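Report on one structure; see the data block that follows.
The values are calculated or read from the model by the stated rules, or taken from the named source; none is laboratory data. Worth saying up front: this structure is predicted, and the values here are computed from it rather than measured. Using ideal geometry, Cβ is built from the backbone for each residue, glycine included, and neighbour counts are taken over all protein chains shown. Just the protein is used for accessible areas: all its heavy atoms, side chains included, with ligands, DNA and RNA removed. Shrake-Rupley method; radii C 1.70, N 1.55, O 1.52, S 1.80 Å.
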There are 2 protein chains.
Amino acid sequence: MSQIRHALTVKREDDFAKWYQEVISAADLAEESGVRGCMVIKPWGYGIWERIQRLMDDRIKAAGVQNCYFPLFIPLSNFTREAEHVEGFAKEMAVVTHHRLISDGKGGLIPDPAAKLEEPLVVRPTSETIIGDAMARWVQSWRDLPLLTNQWANVVRWEMRTRMFLRTSEFLWQEGHTAHENREQALAETHRALEMYRACAEDDLALPVIAGEKPENERFPGAVETWSIEAMMQDGKALQAGTSHYLGTNFAHAAGIQYQDREGSQQFSHTTSWGVSTRLIGGVIMTHGDDDGLRVPPAIAPQQIVIIPMLREAPEDAELIAYCEQVRAALAGQTALGERIRVLLDVKPGKAAAKRWDWVRKGAPVIIEVGPRDMADGKLAFLRRDQLWNTANGKPAFTYPAHADFVAEAGAVLEAIQSSLYEEARARRDANITRGVTEWQAVADHFDKGGKYPGWVEVEWSKPTGDVLEQVVEKLKALKLTIRNVPRGGKAATGTCIFTGAPATERILVARAY
Amino acid sequence: MSQIRHALTVKREDDFAKWYQEVISAADLAEESGVRGCMVIKPWGYGIWERIQRLMDDRIKAAGVQNCYFPLFIPLSNFTREAEHVEGFAKEMAVVTHHRLISDGKGGLIPDPAAKLEEPLVVRPTSETIIGDAMARWVQSWRDLPLLTNQWANVVRWEMRTRMFLRTSEFLWQEGHTAHENREQALAETHRALEMYRACAEDDLALPVIAGEKPENERFPGAVETWSIEAMMQDGKALQAGTSHYLGTNFAHAAGIQYQDREGSQQFSHTTSWGVSTRLIGGVIMTHGDDDGLRVPPAIAPQQIVIIPMLREAPEDAELIAYCEQVRAALAGQTALGERIRVLLDVKPGKAAAKRWDWVRKGAPVIIEVGPRDMADGKLAFLRRDQLWNTANGKPAFTYPAHADFVAEAGAVLEAIQSSLYEEARARRDANITRGVTEWQAVADHFDKGGKYPGWVEVEWSKPTGDVLEQVVEKLKALKLTIRNVPRGGKAATGTCIFTGAPATERILVARAY
């Protein structure tokens, strides 16, 4: 068996963190901006985000949620109204204190002391407190409920250690904020949003996820319940890919979101919030990337098929390009995953082979190459990014159908790639969840000695609170572990709590995480 | 002739500014947020923005421009590199100085003195300087050019006097930034963007505009040429609705955007930038609004047709709703302006007449009402928002077609509304441009005594610069006038400069403006 010469310099198994950085750069997704903790999202990375936005936004609108836009700046006093909330965010907020610059007399600029704000403004780290103000104005009667809003926005959390897409000081996200008459309706919305995230992650991003409730210590600051979807990366670590919070009446009390109920008395609304961010792109990279770069699931690929004509910088090129344009137009008329196929004819200058490897690294699902002989034969050569190599000879696994045949099957090919990426990730995820561990020492051994990628462990516990929970968290922390969530719809607990020895009440997933 | 009872309390002719505020509130477009100068954009207003975004983004992508995302924060030192640029923006920039809050010991919060940034960060007022940094990294050779990028983002300019949509401290926009090999190519891009804006304004927003070059004193800080599209509001004032700048090599020098040209020597890139913002919505309101509220051009209406069943809170309602749902589905299968028709079946509780007036104020292009008798007859009643009143009897001008007939003609009706809004605005605009004025005194008289809405005046001038231009600007300022632009493709000047008496070189438009 020939040696495959992979398209990246770093292999996942050699240095996963370094590999991650190389994929981002080799696939031209993003780069450091020079501004601390902020990245520049480049066209291919932003194109993936636009696809995620489009698909998620369709799901959000289908649920009757309406998009709005709320201010970037939040007055400091808004934050002090919900004690846990401010406690959770105060340490990482960017604060605007001045509204003008003046010369420092040395060719530089300084904030103008005469233009100091009376009340500093915080750059939103999340918008519960400012949207709560609006909800208090908008909600008067039960007839105004449910109030279902969402915004697509940038938010800022001043992170000390940043990592592109996964943890950046500024990131892009959507944040849904809803108000309801009672606990039941708000919880139903919390679960609707959670299920929407599961469906988007699995069906659009091909990320298998486990939806469940976060333990008390991992709740969103100010929430009564926090639910998450958790995805397993190829290094076995967990990535929290989306969260949905039931906020009880905490923010309603803070902002005064009150309504007259059906019986005429004043009640506080029960609110929810839920969000996903550009972090999802980090999850796509670490789930679907391989030693040749990124593999983008077709549903979120800005271009699903790239056609590369083998140009020779000769007069015959015109005919070849015309032929490829015919193929492009025919493919663009087909559908895959319920939408028109997105096809790019790449006529940029450069050698076809070099361009092929660029698109391999970027992870275009299907790459077509067409040379003069293919044109003469009415054929084309195509590569499936998820089946890149012929392992028998170590060469790219091209297939050579007649072009009309390929046009007819292109939709099915893209759908097959979408499924195969999902199935591959799901099989790997399932193979790396260890169940039935009943002794703490076995958990410790598993993570101490369980190899490089120990994955996740499912254990039973008694859902301790307060000090006991704190001890559990410390015990886990010593092994760099966290509780990811209590999987929704999981099996009932049957044994004893692995931490306390008390009768267990539920099953939890324990893992290292991003 | 009966008296029409309009749906707003303020008429345009009585108090245009107050009328503007009432439309925003009556159409539920936006509201003050409580954060100084920042507004909340509500679902109907944001829906209009989403439509504008979608149509403009299609145009941007069709031109080969790629969307990216750049940081919200810009280091102060970036600004000092281009002297005119910083001069233009320093007075209105929000400055981040701290990255953490701590308790003030009195239950409040203050910026943590221990978390002061070494170098303050500015919240972007525009992104030339930060995108310039990226371009300097991305551009090495002539092969990297043209570099065509765009971002959809929020920006902040600390305005002293704000007005919803027209001038807010934070606003939403797109900013295109491109780099080219030479002046000719950069100028061609400047004009491509200008023409794209003209087409979007006229074809999508039904805003007739005049495209032309801004005089020197109105240039974007740091630009060599600034071009604009100018729209006339119903009070005769001008609204700058979009700008496109040729930046020469000013920003390339500041950021070091250099490339190796085809002959192998180092050159500075010629760059451009161009933007439109949520201000466009203010233009739509002041162009198409009437004494009954907003009229949204169908191309940018979040819902083009609203169906209101005349419900009686009785068992028969179910049948009526089912009938209306059939009408809705049939209409949603039709196309108008090249897209599927957007139809809403409004089954919210409430009287049909009250709901009708809500949709009139919001400006839905077509409003359908269906009662049990209409259903029995297979008919429906519809209102065109642009032909709302039967002036003979002072009642809403309903038409009663068979429902199948209406479905067949709905696309044509929407297209007719789109054209009629444009034609109405264009006729008004053209009627309010006064040409052939050759004496300054006549201009002064026109604006002093020319009635409430003096519109625009076209005059010839000799394009003075420096001190002479400054005197001209002061002279205009005394009458609250500004030079809007030198219309592109306008007639050649034939007389003398109205300001200097020198031979005139071009025609300019002079007006009051937002």
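Computed in the context of the full set of protein chains, the accessible area of the stretch A:468-512 at 1.4 Å probe radius has 54% of its extent on carbon or sulfur. Between amide H atoms placed 1.01 Å from N, distances below 5 Å from B:SER169 occur with B:CYS38, B:GLU159, all of them 5 or more places distant or on a separate chain.
Sorting B:LYS237, B:LYS491 by accessible area puts them as B:LYS491, B:LYS237; the probe is 1.4 Å, largest comes first, and only protein heavy atoms count.
Taking amide H atoms as placed 1.01 Å from N in the peptide plane, list the residues 5 or more away in sequence, or in a different chain, whose amide H sits under 5 Å from that of A:HIS98. Counting only residues 5 or more places away or on other chains, the set is A:LEU117, B:VAL95. With a ≥ b ≥ c the root eigenvalues of the C-alpha gyration tensor of the protein assembly as shown, is it rounded (a/c under 1.5), prolate (a/b larger than b/c) or oblate? Cα axes put the protein assembly as shown in the rounded bin.
For the stretch A:171-182, putting each phi into the Karplus relation 6.51 cos²θ - 1.76 cosθ + 1.60 with θ = phi - 60° gives couplings of 9, 9, 7, 10, 10, x, 9, 9, 10, 9, 6, 8 Hz, in residue order, rounded to whole numbers and with x for Gly and Pro.
Could you tell me how far the Cα centroid of the stretch A:59-83 sits from the Cα centroid of the stretch B:92-119, in Å? Between the Cα centre of the stretch B:92-119 and that of the stretch A:59-83, the gap is 22 Å. On a per residue basis, the stretch A:433-511 carries 52 Å² of accessible surface, using protein heavy atoms and a 1.4 Å probe. B:GLU216 contributes about 80 Å² of solvent-accessible surface, heavy atoms of the protein only, 1.4 Å probe. FRET efficiency for the A:ASP104 to B:GLU216 pair, using the beta carbon distance and R₀ = 41 Å, is estimated at 0.90. Label separation (A:LYS475 vs A:ASP377): 6.5 nm, computed from points 7 Å beyond Cα along the C-beta direction. For the stretch B:216-228, the Karplus equation 6.51 cos²θ - 1.76 cosθ + 1.60, evaluated at θ = phi - 60°, returns couplings of 3, 6, 10, 5, 4, x, x, 8, 8, 9, 10, 10, 9 Hz by residue, with Gly and Pro reported as x.
Placing R0 at 41 angstrom, the Cβ-Cβ distance between B:ALA502 and B:ASP203 gives a FRET efficiency of 0.55 after rounding to 0.05.
Take the stretch A:242-391 with all the other protein chains still there, run a 1.4 Å probe, and you get 36 Å² of accessible area per residue. Mean projected area of the Cα convex hull of the stretch B:266-367, taken over all directions, amounts to 10.1 nm².
In the stretch B:102-124, burial by the other protein chains removes 50 Å² or more of accessible area from B:LEU109, compared with the chain on its own (1.4 Å probe, ligands and nucleic acids ignored). For B:ASN182, the residues whose amide H sits under 5 Å from its own are B:HIS270, ignoring neighbours fewer than 5 places away on the same chain, with H placed 1.01 Å from N. Per-residue accessible area (protein heavy atoms, 1.4 Å probe) orders B:ASP346, B:ASP14 as B:ASP14, B:ASP346, starting from the largest. Only Cα pairs under 8 Å and 6+ residues apart enter the sum, and on that basis the relative contact order of the stretch A:298-421 stands at 31 percent. Summed over both chains, the area buried between B and A is near 5000 Å², taken from the accessible surface of protein heavy atoms with a 1.4 Å probe.
Ordering A:GLU92, A:GLU369, A:GLU263, B:GLU424 by how much accessible area each has at a 1.4 Å probe, largest first, what is the list? Spell out each step's value before the answer.
Working: A:GLU92 40, A:GLU369 10, A:GLU263 155, B:GLU424 70 Å².
Output order, biggest surface exposure first: A:GLU263, B:GLU424, A:GLU92, A:GLU369.
Any idea of A:GLU460's accessible area? Nearest 10 Å², probe 1.4 Å. We get 30 Å² for A:GLU460.
Among beta bridges from DSSP that stay inside the protein assembly as shown, the antiparallel ones total about 85%. Dividing the summed helix terms, -39500 (n - 2.57) for each DSSP H run of n ≥ 4, by the number of residues in the protein assembly as shown produces a 222 nm estimate of -10500 deg cm²/dmol to the nearest 500.
Specify whether the C-alpha gyration tensor of chain A places it in the rounded, prolate or oblate class, a ≥ b ≥ c being the square roots of the eigenvalues: rounded for a/c under 1.5, otherwise prolate if a/b is larger than b/c and oblate if not. Judged from the Cα gyration tensor, chain A comes out prolate (a/c at least 1.5, a/b above b/c). If you take the Cα centroid of the stretch B:420-442 and the Cα centroid of the stretch A:158-237, the two points sit 56 Å apart.
If R0 equals 22 Å, the separation of the Cβ atoms of B:ASN393 and B:THR9 corresponds to a calculated FRET efficiency of about 0.45. Would you mind classifying the stretch A:128-201 by shape? Square roots of the alpha carbon gyration tensor eigenvalues, ordered a ≥ b ≥ c; an a/c under 1.5 is rounded, otherwise it is prolate if a/b is larger than b/c and oblate if not. Because a/c hits 1.5 or more and a/b fails to exceed b/c, the stretch A:128-201 counts as oblate.
For the residue pairs A:LYS61/B:LYS348; A:LYS42/A:LYS91; B:LYS11/B:LYS362; A:LYS214/A:LYS477; A:LYS61/B:LYS379; B:LYS214/B:LYS237, the alpha carbons lie more than 21 Å apart in A:LYS42/A:LYS91; A:LYS61/B:LYS379.
For the stretch B:53-64, backbone phi angles converted through the Karplus equation (6.51, -1.76, 1.60; θ = phi - 60°) give residue-by-residue couplings of 4, 4, 5, 5, 4, 4, 5, 5, 5, 4, 7, x Hz, Gly and Pro being listed as x. Taking Cα atoms, how many degrees apart are the long axis of helix A:466-478 and the longest axis of chain A, rounded to 10 and kept between 0 and 90? Its long axis makes an angle of about 30 degrees.
Roughly how many percent of the accessible protein surface of the stretch B:321-430 is carbon and sulfur, given a 1.4 Å probe and a whole-percent answer?
Of the solvent-accessible surface of the stretch B:321-430, carbon and sulfur hold 53 percent.
With respect to chain A, whose longest principal axis is taken over its alpha-carbon atoms, helix A:352-362 is tilted by about 20°. Using a probe of 1.4 Å, the accessible surface attributed to A:LYS379 totals some 80 Å² when neighbouring protein chains are kept in position.
Between 0 and 90 degrees, the angle of helix B:128-138 with respect to the longest Cα principal axis of chain B falls at about 70 degrees. A simple charge model with +1 on the Cβ of Lys and Arg, -1 on the Cβ of Asp and Glu and nothing else charged puts the dipole of the stretch B:433-511 at about 340 debye relative to its Cα centre.
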